[in-house]
Amino acid sequence: MIIYGQSDEPSPEIIKWDALQSILNTHSDSVYVINFWATWCKPCVAELPSFDSLSVAYRNKPVAVILVSLDFKRQYADKLIPFIQKNNISARVLLLDEPEYDLWINKIDKSWSGAIPATLIFHKPSKYHHFYEEEFTYSSLIQALPPHLKN
Amino acid sequence: MLKTYRFLTTLLILVLLGGFTFRFGHGLDVGDKAKDFRLLSASGKTVSLSTMSDVKGAIIIFTCNHCPFSQAYEDRIIALHKKYAPEGYPVIAINPNDASKVPDDSYENMQKRAQEKSFPFEYLYDESQETAKAYGASRTPHVFLLTKKNNKFYVAYIGGIDNNTDEPENVTKKYVEEAVDELIAGKPVTTSFTKAIGCSIKWKQN
């Protein structure tokens, strides 16, 4: 599966854990920037433009920005879709419909307490794997990319 | 030789300091002695563990007004208190958020919320955020179930309330209830730690 920052899909997919796991287990040589957020989370919404800018700025580079929404599934049509349209989000958005959080939080990263925003950045070929339970600005996000992408 | 000794001493101090700092940042683990607090409740009372003499424990829940995950659990938190306060395990809710970042979570708004929802439990304001830091709370809601042994409170469970935030009707694991039931029955807690998605605690800027 090849995933680049920009998606042609008109609306976000609702996915289960298996689909997210297959992204985590990718053999791709892309850098993955996976942000966990929700429309109701103020610090998440505040940092979202930085992730979207990253996906635009790196669209010709092997970088996949994926915004994993933890909005409730019933809020898909009346919260998530309008939010994405209103804010012109161009990065790929997935809604993870896995309400039993305890089953998968540790599989993203053992250091994650479950608070959002949270971001995982990984690059399989260089074994780069960093997890952040914190908020990003655009410049701190660029700083968090693996060394080979910073130039 | 002296140099080596100095180097080793420095190294030892660094390791100790490092370990200490790590502990401080980490908060409480299951089995640890709980830290006491002295906080103002929305009811106007000042509440601390040491003044709760006739209890067997306490269900400490870091929560707040504004967070949708906390709101989703409000009725279930009320139900927990009604079910377990008579058994000696009252709920003590603690709001740790910086009100300058989230005005909804100010003391006045806590009082309003407590009245609107007729909270039967104490809803405390951790204005200094020292209690949240001491416990290692990171999100709302975040439960620390305490049980009393020899007049001291110990942590018996840390984590979420149950396994479905949005659909109470689809809950299949009531983590807190199962843990309290086990404590009441004098049994060890089977699931003593879980993780859950929640709103990050809004810390003050240093």
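Figures for the structure shown
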item: Residue selected from the range B:162-185 under the condition assigned to a loop (DSSP other than H, G, I, E, B) and touching a helix residue (DSSP H, G or I) at 6+ places or on another chain (Cβ under 7 Å), by the criterion farthest from B:Ile60 (Cα to Cα); result: B:Asp166
item: Residue count, the range A:70-104 (criterion: within 14 Å of chain B (Cβ to nearest Cβ), outside any helix (DSSP H, G or I) and touching a Pro at 6+ places or on another chain (Cβ under 7 Å)); result: 1
item: Among (1) surrounded by fewer than 23 Cβ atoms within 10 Å (Cβ to Cβ); (2) part of a loop (DSSP other than H, G, I, E, B); (3) out of contact with any Lys or Arg (no Cβ under 6 Å at 6 or more places or on another chain), the one test that B:Lys202 misses; result: (3)
item: Looking only at the range B:155-172, and only at residues there that are free of Cβ contacts under 8 Å to residues at least 60 places away in the same chain and surrounded by 14 or more Cβ atoms within 10 Å (Cβ to Cβ), the one that is farthest from the other protein chains (Cβ to nearest Cβ); result: B:Val171
item: Qualifying residue in the range B:69-90 (condition: touching an Asp or Glu at 6+ places or on another chain (Cβ under 6 Å) and away from chain A (no Cβ under 14 Å)); result: no
item: Selection from the range B:173-205 of residues that are more than 18 Å from the chain's Cα centre (by Cα), more than 14 Å from every other protein chain (Cβ to nearest Cβ) and either within 14 Å of B:Asn163 (Cβ to Cβ) or among the polar types (S, T, N, Q) (or both); result: none
item: Lone unmet requirement of (1) touching a His at 6+ places or on another chain (Cβ under 6 Å); (2) within 27 Å of A:Ile116 (Cα to Cα); (3) away from chain A (no Cβ under 14 Å) for B:Lys112; result: (1)
item: So A:Glu134, is it exposed (fewer than 15 other Cβ atoms within 10 Å of the Cβ) and under 14 Å from the mean Cα position of the chain (by Cα); result: yes
item: Filtered residues of the range B:53-98 (kept if part of a loop (DSSP other than H, G, I, E, B), of a type outside the set (Lys, Arg) and farther than 20 Å from B:Met110 by Cβ); result: B:Ser53, B:Asp54, B:Val55, B:Pro86, B:Glu87, B:Gly88, B:Tyr89
item: Residues located in the range A:105-117, provided they are at the interface with chain B (Cβ under 9 Å from one of its Cβ atoms) and surrounded by fewer than 15 Cβ atoms within 10 Å (Cβ to Cβ); result: A:Asn106
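Any read-out appearing in this document is the output of simple, stated calculations on the displayed coordinates, not a laboratory observation. Everything numeric here is computed off the predicted structure, so don't read it as measured data. Counting neighbours? That spans all protein chains shown, and the Cβs are built from the backbone with ideal geometry, glycine included.
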